[in-house]
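S.K.: Have a look at this one before I ask anything.
The values are calculated or read from the model by the stated rules, or taken from the named source; none is laboratory data. Model, not experiment: these values are computed from the prediction. Please note: Cβ atoms are built from the backbone with ideal geometry, for glycine as well, and neighbour counts cover all protein chains shown. Protein only, heavy atoms only, side chains kept; ligands, DNA and RNA dropped before computing areas. Shrake-Rupley method; radii C 1.70, N 1.55, O 1.52, S 1.80 Å.
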Amino acid sequence: MTDNQKTFTLSNGAQIPAIGLGTWQDEEAQEAAVLAALHAGYRHIDTARCYGTEPAVGKAIKQSGIPREEIFVTSKLWNNKHHPEDLDQAVQLSLDDLGLEYLDLFLMHWPVAFKRGDDPFPSNKDGKLITDNIDYLDTYRAMEGLVKSGKAKAIGISNFSQNEVERILDNVAIKPAVHQMELHPWLQQKKFSDFHRKNGIHVTQYSPFGNQNEIYGSREEHGQLVNDQTLVEIGKKYGKTSNQVALAWGIAHGRSVIPKSKSAERIKQNFDIAFELEPADIENIDAIDKKLRFNDPSKDFGYELYSGLDGKKK
């Protein structure tokens, strides 16, 4: 790991770098983006089967010349491969596209299962997604076998509610090492974060800049998180951008962050966060929580996600 790379220890003893590169969207730009990130010092790359970016990530890792064991790679199981009998094939397809022999972390992307098959978004004649009655608990138990086989060093979850996490903890042998979720200064999920800390589950923040991603919309109604005056003013104090402050805040709370960018300059800037926020500044950011959740595909997925969590719209 590079000298300026802070890490957190997972329940399996592995070190997860505090800052990683997210690779959702912009498929054609990801090979160059990942290569730029690795050259800038990143050693944590986050991808997923449904992103379509695993081949690009794999090519960049190979081109970088950086030893495999120095890079922490996360990928995720997509919803159409939740059946326990599909797990081995699903992870092998990811490994083949990445050109790797193992993943450092393999996550269940969502608790909802889609219809089994090769279509990632199976839909009926009305265009509605077809779900399948496969219990996420059975899927997770099958994922435990990936740790035993060595195809995944650690396993975890993404986008689960607290009740769903508790049900997993009560019924599995290998607890999730990581829960990846939407978390940023406008959606801080303090109680939920505390719950994970007490249970030894590391939290990775996706969308650490909130609604900077245009796909989320809502800018006219709420403005943009990165323009929040608290973040901007704190940034001036340290000679940093509001984006850098948002990332440093997440890391100060013991969470890893995975900002995405296809700009080499922005990728370097996001990594340049080797500064510590003073306690008073952390408290000021803690105070701007708006409980605003930007990513909730419950309606599209035909499954009620995030039950009981902050930012869940009634």
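S.K.: Restricting to segment 163-219, name every residue that is part of a loop (DSSP other than H, G, I, E, B), more than 20 Å from Asn270 (Cα to Cα) and at pLDDT below 95.
M.R.: Gly217, Ser218
S.K.: Where in segment 20-109 are there strands (runs of 3 or more DSSP E), lying fully within it, with 2 or more residues that are hydrophobic (A, V, I, L, M, F, W, C), open to solvent by less than 10 Å² (accessible area, probe 1.4 Å) and in contact (Cβ under 8 Å) with a residue 40 or more places away in the chain?
M.R.: Answer list for segment 20-109: 72-77, 105-108.
S.K.: Quick one: Ala287 ticks every box in (1) in contact with a Leu (Cβ under 7 Å, 6 or more places away or on another chain); (2) touching a residue at least 24 places away in the same chain (Cβ under 8 Å) bar one, so which box is it?
M.R.: (1)
S.K.: Ok, one more. Restricting attention to segment 180-199, which residues are open to solvent by less than 70 Å² (accessible area, probe 1.4 Å) and under 23 Å from Asn243 (Cβ atoms)?
M.R.: Selection gives Gln180, Met181, Glu182, Leu183, His184, Pro185, Trp186, Leu187, Gln188, Gln189, Ser193.
S.K.: Between residues in segment 247-271 that are under 18 Å from Val57 (Cα atoms) and part of a loop (DSSP other than H, G, I, E, B) and residues that are open to solvent by 10 Å² or more (accessible area, probe 1.4 Å) and among the small types (Gly, Ala, Ser), which pairs lie under 7 Å by C-beta distance while being six or more apart or on different chains?
M.R.: Lys262/Ala29
S.K.: Another question about this same structure. Looking at segment 274-314, which of its residues are open to solvent by less than 20 Å² (accessible area, probe 1.4 Å), within 16 Å of Ala113 (Cα to Cα) and in a helix (DSSP H, G or I)?
M.R.: Selection gives Ser298, Phe301.
S.K.: Taking segment 130-145 as the search range and keeping residues that are hydrophobic (A, V, I, L, M, F, W, C) and not in a helix (DSSP H, G or I), which one is farthest from Leu95 (Cα to Cα)?
M.R.: If we take residues in segment 130-145 being hydrophobic (A, V, I, L, M, F, W, C) and not in a helix (DSSP H, G or I), then Ile130 is farthest from Leu95 (Cα to Cα).
S.K.: For the subset of segment 110-129 comprising residues that are in a loop (DSSP other than H, G, I, E, B) and touching a Phe, Trp or Tyr at 6+ places or on another chain (Cβ under 8 Å), which member is farthest from Pro176 (Cα to Cα)?
M.R.: Here the answer is Pro122.
S.K.: Looking at (1) outside any helix (DSSP H, G or I); (2) within 24 Å of Thr204 (Cβ to Cβ); (3) open to solvent by 60 Å² or more (accessible area, probe 1.4 Å), which one does Lys148 not meet, given that it meets all the others?
M.R.: Lys148 satisfies all of (1) outside any helix (DSSP H, G or I); (2) within 24 Å of Thr204 (Cβ to Cβ); (3) open to solvent by 60 Å² or more (accessible area, probe 1.4 Å) except (1).
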